[in-house]
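Beneath this line is the structure, given in structure tokens, with notes to follow.
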There are 2 protein chains.
Amino acid sequence: MTHDPISRVRRFNRAVTAEVGALDTSFLGRGRPLGAARVLNAIGQGQSEIAAIRDYLSLDSGLMSRLLRGLEDEGLIETVPDQQDARRRVARLTDTGRSEFQEYEALSNAQAKTFLARHSSPEHLLRAMDIVASSLRRDHIALEEKDPRHEDALYCLGEYYGELARRFDNGFDVSLSRDPDAKDMIRPRGVFLVAMSDGLPVGCVGLKGSGGDVAEIKRLWVAPSARGLGLAKRLMTSAETIARNLTIKILRLDTNSALPEAKQLYRGTGWTEIDRFNDDPYPDTFFEKRL
Amino acid sequence: MTHDPISRVRRFNRAVTAEVGALDTSFLGRGRPLGAARVLNAIGQGQSEIAAIRDYLSLDSGLMSRLLRGLEDEGLIETVPDQQDARRRVARLTDTGRSEFQEYEALSNAQAKTFLARHSSPEHLLRAMDIVASSLRRDHIALEEKDPRHEDALYCLGEYYGELARRFDNGFDVSLSRDPDAKDMIRPRGVFLVAMSDGLPVGCVGLKGSGGDVAEIKRLWVAPSARGLGLAKRLMTSAETIARNLTIKILRLDTNSALPEAKQLYRGTGWTEIDRFNDDPYPDTFFEKRL
DNA sequence: GCAATTATCTGACCTAAGTCAGATAATATG
DNA sequence: CATATTATCTGACTTAGGTCAGATAATTGC
């Protein structure tokens with residue numbers, strides 16, 4: 001059988017190496033070696049500390065130094081000693097550098113746009129690309145504490161509500177549910193975690209504290225593109241650890257039978273089913289975990 | 001908005017460049033520069049003519065020559081003048097070369113396997129990878145004439161029947177349908193086209209001739225991973241061109257309302273609806289096109 | 001204040017990859 | 001058969017990328 005899973009992965013790898021080569025060389029279209037272009041790009045993205053860039057691109061310090069000198073000679077960047085620590089240097093774009101960076105950005109955007117435009121249902125293709133990207137970079141998904149009113153948190157919540165509306169027989173209306181007060185999901189009472197995969201929010205969970213010993217887990221969600229990576233478990237473990245640090249003794253949560261994978265997760269990670277503890281119209285199953 | 005389509009494509013590109021770098025360097029794990037490894041791999045895959053390999057890897061003739069010499073010095077390949085044209089040379093693996101090639105193969109397979117194994121629903125991930133790979137390599141999808149009993153043709157037909165079974169209200173049973181005789185879809189009577197994307201069959205169409213002026217289009221199918229690329233239209237256009245070359249004057253086909261995208265394609269490409277022309281239990285709509 | 005540490009830079013060096021102008025030998029063309 | 005063409009090879013050269021051993025200057029730790 002030539003269409004087995006391994007062949008399909010290898011076909012994907014071949015496609016990507018063949019096309020990404022073409023993608024990279026387009027950067028050479030601006031007459032600059034790839035290394036220099038990557039450094040310029042990193043600086044343009046806002047990375048200013050040289051050590052950070054060197055680390056990010058995993059470059060030798062000697063090579064890094066020469067690349068910076070080259071960009072300086074071109075008049076694209078300038079480097080100055082760090083205010084706090086004069087051994088370190090920080091780099092920033094000059095005006096010329098900024099416009100050159102914009103050219104690269106425009107090039108990348110145009111490329112992406114062309115690629116999408118050739119497909120007759122771009123959303124379908126994008127969903128597939130999100131799945132692959134999240135899976136490739138699964139080890140780089142970072143859980144970040146954010147204000148529940150932060151753009152990325154709101155994005156997750158919106159997707160979460162949308163999913164509930166799709167999966168519950170009678171839909172879902174946030175205003176009928178007990179929407180937690182943002183302050184209860186911010187330290188010191190609680191916390192809101194967003195899983196970020198290279199700039200894209202792909203999951204979240206809220207720890208809603210009351211100031212006392214009992215707290216609730218709310219809004220556990222993982223983007224469809226990031227399912228199968230064990231992210232829900234990771235979010236829950238993190239939330240629990242933070243709860244412990246906040247000296248919380250008992251965690252509770254409510255959920256719905258229309259979300260069987262969630263119930264299965266809770267059962268498998270030390271939660272026990274308890275009686276209804278609120279009058280929210282949506283949940284039908286309730287769990288507790290003593291820390 | 002940071003989660004717009006273009007950002008998502010670029011996120012995919014970043015993920016892929018970051019991870020594919022790691023993928024490529026694994027080949028260096030066997031202590032051979034990438035160029036040499038690629039040539040060895042091409043020869044292992046069965047490419048023997050040096051000119052063909054050079055073309056495939058787009059290498060300079062000087063560079064190619066040196067890479068071959070290097071592999072010869074390592075005792076991995078041997079090159080001999082071509083029988084027909086002694087200017088040309090053909091390369092083949094030695095026994096050592098063959099086992100070295102197998103090592104690369106094993107490495108790639110292991111890598112692919114590990115990647116899949118980390119996902120809790122590999123089939124879901126694979127579907128996404130197929131979509132992306134087909135889309136990236138859309139310009140390299142080749143329509144090949146194959147015997148309808150060829151492995152790749154049978155694969156397409158199996159997928160096609162499976163899809164009909166899923167989409168028809170009462171399922172689909174080939175034995176109840178009028179399954180065309182393979183000979184009618186082979187030249188000179190007809191033809192069977194399979195769309196191949198780097199080894200994976202992603203679509204097919206049959207032209208079932210009768211020896212006379214009238215022929216039928218049968219088994220038009222495009223893999224879910226290759227939809228949105230205009231492949232169905234390409235397959236139909238090719239089949240029509242071949243039909244014309246076979247001096248066929250009238251094309252007919254039957255289809256079902258459960259396949260609205262197919263009906264739409266026919267309507268938009270010069271086909272006109274006609275009365276039922278057979279007693280097959282599955283179709284409910286019939287088309288004709290005069291060439 | 002002095003030694004150890006740290007961040008960056010410089011010079012010397014290396015490999016991989018790629019380009020280009022002939023050289024060589026076989027084949028095709030008139 | 002002479003000439004042009006073709007496939008490959010060789011030598012000379014270039015660039016990009018990368019490594020490594022100090023040099024330099026600032027900072028930290030005792």
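Structure notes:
- Where B:Tyr161 falls short, out of the listed (1) more than 14 Å from chain A (Cβ to nearest Cβ); (2) surrounded by 15 or more Cβ atoms within 10 Å (Cβ to Cβ); (3) of a type in the set (Ser, Thr, Tyr); (4) farther than 28 Å from B:Gly228 by Cα: (4)
- Within region A:82-136, considering residues that are aliphatic (A, V, I, L, M) and closer than 20 Å to A:Arg30 by Cα, the one surrounded by the fewest Cβ atoms within 10 Å (Cβ to Cβ): A:Ala106
- Of the strands (runs of 3 or more DSSP E) lying entirely inside region B:165-270, the ones with 3 or more residues being within 14 Å of chain A (Cβ to nearest Cβ) are found at B:191-197, B:200-209.
- Residues being surrounded by fewer than 18 Cβ atoms within 10 Å (Cβ to Cβ), within 14 Å of DNA strand D (Cβ to nearest atom) and aliphatic (A, V, I, L, M) - total across region A:43-58: 2
- Residue within region B:205-212 that is surrounded by fewer than 17 Cβ atoms within 10 Å (Cβ to Cβ) and either within 19 Å of B:Arg149 (Cα to Cα) or not assigned by TED's automatic domain parsing to the domain that holds B:Leu157 (or both) present: yes
Residues are listed down the side, and each one gets a yes or a no for (1) touching a Lys or Arg at 6+ places or on another chain (Cβ under 9 Å); (2) in contact (Cβ under 8 Å) with a residue 40 or more places away in the chain; (3) of a type outside the set (A, V, I, L, M, F, W, C):
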residue	(1), (2), (3)
B:Val80	yes, no, no
B:Gln83	no, no, yes
B:Leu93	no, yes, no
B:Arg118	yes, no, yes
B:His124	yes, no, yes
B:Met129	yes, no, no
B:Val132	no, yes, no
B:Asp139	no, no, yes
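- Qualifying residue in region A:92-109 (condition: facing chain B (nearest Cβ under 8 Å), part of a helix (DSSP H, G or I), in contact with a helix residue (DSSP H, G or I) (Cβ under 7 Å, 6 or more places away or on another chain) and modelled with pLDDT under 95): yes
- Residue tally, condition more than 15 Å from A:Gly35 (Cα to Cα) and within 14 Å of DNA strand D (Cβ to nearest atom), over region A:65-78: 1
- Search result, residues across region B:141-156 that are in contact (Cβ under 8 Å) with a residue 24 or more places away in the chain and either within 9 Å of another protein chain (Cβ to nearest Cβ) or in contact with a His (Cβ under 8 Å, 6 or more places away or on another chain) (or both): B:Asp152, B:Tyr155
- Single residue of region A:252-286 satisfying the filter (of a type in the set (A, V, I, L, M) and closer than 26 Å to B:Ser120 by Cα) that is farthest from the chain's Cα centre (by Cα): A:Ala258
The values are calculated or read from the model by the stated rules, or taken from the named source; none is laboratory data. Here the structure is a predicted model, which is why all the values come from computation and not from measurement. Here the Cβ is made from the backbone with ideal geometry for all residues, glycine too, and neighbour counts use every protein chain on show.
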